[in-house]
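**Q** Have a look at this one.
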Amino acid sequence: MLALAGCSSGEEPAAPAASASASSPSAASAKLRAALLPVPDGMHVAYGPELGAFGKLKSTQQGIAALRQAKLQRPECAGAAQLDIEQPDVAGAPAAVIAFAAERGSITQAVVSLPSESFPKPLPRQCATYTADVGGTQVTYKTKTLNMPRKGDESRAYLTSAAGGEKNAQIGSVMIRRGTVVMSMLVVGQKVKAQGLYELARLADKNLEQVV
């Protein structure tokens with residue numbers, strides 16, 4: 001499910017160099033920038049905003065690299081419930097991405113303008129619990145679907161516990177669709193509260209509504 005295998009220890013993810021444009025940003029990508037969250041209290045910008053084709057952004061490439069390095073018990077769960085970057089129309093879609101970090105964790109947000117209405121399918125039942133070898137450490141992922149109040153035209157939220165090694169982590173995942181625009185957000189920390197995740201989703205959806 002997650003492109004954050006390398007973050008399972010609960011530490012901040014290594015951020016790629018900040019870039020205003022990972023590829024030549026189109027007018028569509030520039031418009032999506034307005035949908036990104038402002039810097040949350042007590043956090044700082046880890047990288048971004050990045051603008052350009054979703055598949056070419058440094059943050060997307062970093063996530064793909066993390067997945068390839070991890071050996072999943074269930075390989076089919078690697079991209080479950082997320083945008084399928086293997087699809088050309090998703091990889092080439094205009095996008096804007098930003099990441100925030102603090103000692104307590106990190107937030108990564110992506111806003112992608114797809115050519116048609118599309119939304120990831122719900123997490124398959126077999127992907128609710130699985131293990132992965134991450135850099136030689138056995139990590140167990142357990143995910144539950146959250147009953148988040150609906151946002152936009154469609155929305156889903158999940159909370160994943162990652163246990164293994166010296167530190168454990170929780171990962172909150174939110175996806176919201178308005179028309180052909182999809183917002184994806186990952187919140188990583190030692191403790192991620194559902195209500196805090198819902199509030200971030202509310203703020204993200206409010207911004208999304210203004211640009212769609």
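**Q** Using only the alpha-carbon atoms, how far is helix 58-69 inclined from the longest principal axis of the chain? Give it as 0 to 90 degrees, nearest 10.
**A** Long axis of 58-69 versus the principal axis of the chain: about 20 degrees.
**Q** OK, next. By how many degrees, 0 to 90 and rounded to 10, does the Cα axis of helix 194-211 deviate from the longest principal axis of the chain?
**A** Here the helix axis deviates by roughly 20 degrees.
**Q** Compute the accessible area per residue over region 70-169, keeping the other protein chains in place, probe 1.4 Å, unit Å².
**A** Working: 5090 Å² over 100 residues.
Value returned for region 70-169: 51 Å² of accessible area per residue.
**Q** A follow-up question, please. If you roll a 1.4 angstrom probe over the protein chains with everything in place, what fraction of the accessible area of region 83-124 belongs to carbon and sulfur, to the nearest %?
**A** Details: 940 of 1840 Å².
Taking all protein chains in place, region 83-124 shows 51 percent carbon and sulfur surface.
**Q** Which ³J(HN,Hα) values in Hz, rounded to whole numbers, follow from the phi angles of region 45-51 under the Karplus curve 6.51 cos²θ - 1.76 cosθ + 1.60, where θ = phi - 60° and Gly and Pro get x?
**A** Running phi through 6.51 cos²θ - 1.76 cosθ + 1.60 with θ = phi - 60° gives 6, 7, 6, x, x, 9, 10 Hz.
**Q** What list of ³J(HN,Hα) couplings, whole Hz, do you get for region 106-121 from phi and the Karplus terms 6.51, -1.76, 1.60, once you set θ to phi - 60° and write x for glycine and proline?
**A** 8, 10, 10, 10, 10, 10, 10, 9, 8, x, 8, 4, 8, 8, x, 5
**Q** Here's another thing I want to ask about it. For region 25-210, what is the Kirkwood estimate of the hydrodynamic radius, computed as the reciprocal of the mean inverse distance between distinct Cα atoms, to one decimal in Å? Can you show the working numbers first?
**A** Details: mean 1/r = 0.0597 Å⁻¹.
Kirkwood hydrodynamic radius for region 25-210: 16.8 Å.
**Q** For region 25-210, with the dipole built from +1 on Lys and Arg beta-carbon atoms and -1 on Asp and Glu ones, taken about the Cα centre, which of Phe119, Leu208, Ala162 lies farthest toward the positive end?
**A** Checked the options; the winner is Ala162.
**Q** Next question, about the same structure. Mean residue ellipticity at 222 nm from the helices of the chain, using -39,500 (n - 2.57) per DSSP H segment of n ≥ 4 over the full residue count, to the nearest 500 deg cm²/dmol?
**A** Details: 4 runs with 40 residues, N = 212.
The helix-only estimate for the chain comes to -5500 deg cm²/dmol at 222 nm.
**Q** List the residues, sorted by chain then number, that are 5 or more residues from Ala46 or on another chain and whose placed amide H is less than 5 Å from its amide H.
**A** Hits under the 5 Å cutoff: Ala99, Phe100, Ala101.
**Q** What trypsin sites (Lys or Arg not before Pro) does region 172-212 have in DSSP loop regions with at most 16 other beta carbons within 10 Å?
**A** Working: sites: Arg177, Arg178, Lys191, Lys193, Arg202, Lys206; in loops: Lys191, Lys193.
Taking region 172-212 and a limit of 16 other Cβ atoms within 10 Å, the loop trypsin sites (Lys or Arg not before Pro) found are Lys191, Lys193.
**Q** Continuing with the same structure: Based on the Cα coordinates of region 63-141, what is the per residue volume of their convex hull in Å³? Please list the in-between numbers first.
**A** On the way: hull volume 9.6 nm³, N = 79.
So the per-residue hull volume is 122 Å³.
The values are calculated or read from the model by the stated rules, or taken from the named source; none is laboratory data. Everything numeric in this text was worked out from a predicted model, so none of it was measured. Don't worry about glycine lacking a Cβ; one is built from the backbone with ideal geometry, like all the others, and counts go over all protein chains shown. To get the accessible areas, we keep the full protein, side chains included, count just its heavy atoms, and leave off ligands, DNA and RNA. Shrake-Rupley method; radii C 1.70, N 1.55, O 1.52, S 1.80 Å.
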